Amino acid sequence: NINMMKLALISALAGSAAAFAPAQTGARSTSLNSFSADDLPGALAPMGFFDPLGFAEKADEATLKRYREAEVTHGRVAMLAVIGFLVGEAVEGSSFLFDASISGPAISHPGQVPGGWDALIIAGIGFAELQRAKTGWVDPADVKFDQAGALNSDYYPG
C-alpha cells in the first residue's frame, strides 16, 4: 500500500512538472503578419474565442498575449493547488514524509510542516518563475519605461 502511495505521489508530481515546461511552437507568418484572437489556443468551435467580459476588444496583440500568459499561469497554479489538497487529504497520517506526523484537514497542513521546508518551496517557485521570466519577457533594460512587461516576439504564451 505504501508503494502504491509513493507511485501515486511521484506520478502526480511528474505530471504537474510538465505543466511548467514552455510550449514549443513554430513562428507563423503571413504576408500581412496579422494577428487574430481566434488564432490563440483554446478558441474552439462552436464558441470560437470566448471573451464574455470584453477584455480583448481594446487589447492589442502584445496585451492579449500577456493576458493569455497570466491566464495560463494562474490556471496551472490553481490545478496544482487542487492536486495538493486532494493528495494531502488522501495521505493524511500515512505519508512517508515527516514521519507521518501531519494530520487534520489539508488546509492546516502547511503550518505543521517542519521549519526549512518553506524556504525550499519558495526557492523552487522562485527558480521556476525566474526561468519563465528569462524565457518569455524582454529584459527590462531593453525596453522603454512605459512598456514594462513586454513579451519576447518569438515567445508564445503558455
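The values are calculated or read from the model by the stated rules, or taken from the named source; none is laboratory data. Because the structure is a prediction, the values reported are computed rather than measured. Cβ: placed from backbone, ideal geometry, glycine included. Neighbour counts: every protein chain shown. Note: areas computed on protein heavy atoms with side chains; ligands, DNA, RNA excluded. Shrake-Rupley method; radii C 1.70, N 1.55, O 1.52, S 1.80 Å.
Structure data summary
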read-out: Filtered residue count, region 50-80, keeping only those that are surrounded by 12 or more Cβ atoms within 10 Å (Cβ to Cβ), touching a Gly at 6+ places or on another chain (Cβ under 8 Å) and among the hydrophobic types (A, V, I, L, M, F, W, C); value: 1
read-out: For residue 83: the one exception among (1) open to solvent by less than 70 Å² (accessible area, probe 1.4 Å); (2) over 22 Å from residue 40 (Cα atoms); (3) in contact (Cβ under 8 Å) with a residue 40 or more places away in the chain; value: (1)
read-out: Close pairs (6 angstrom Cβ cut-off, 6 or more residues apart or separate chains): closer than 14 Å to residue 69 by Cα in region 123-138, of a type in the set (Ser, Thr, Tyr) and modelled with pLDDT under 90 anywhere; value: 136/155
read-out: Where residue 98 falls short, out of the listed (1) surrounded by 12 or more Cβ atoms within 10 Å (Cβ to Cβ); (2) on the phi < 0 side of the Ramachandran plot; value: (2)
read-out: Candidates 87, 72, filtered to the one that is closer than 22 Å to residue 8 by Cα, part of a helix (DSSP H, G or I) and either in contact with a helix residue (DSSP H, G or I) (Cβ under 8 Å, 6 or more places away or on another chain) or not charged (D, E, K, R) (or both); value: 87
read-out: Cβ pairs under 7 Å, 6+ apart, first in region 38-63 and over 18 Å from residue 136 (Cβ atoms), second open to solvent by 100 Å² or more (accessible area, probe 1.4 Å); value: 55/67
read-out: Filtered residues of region 109-158 (kept if open to solvent by 80 Å² or more (accessible area, probe 1.4 Å), small (Gly, Ala, Ser) and closer than 26 Å to residue 75 by Cβ); value: 153
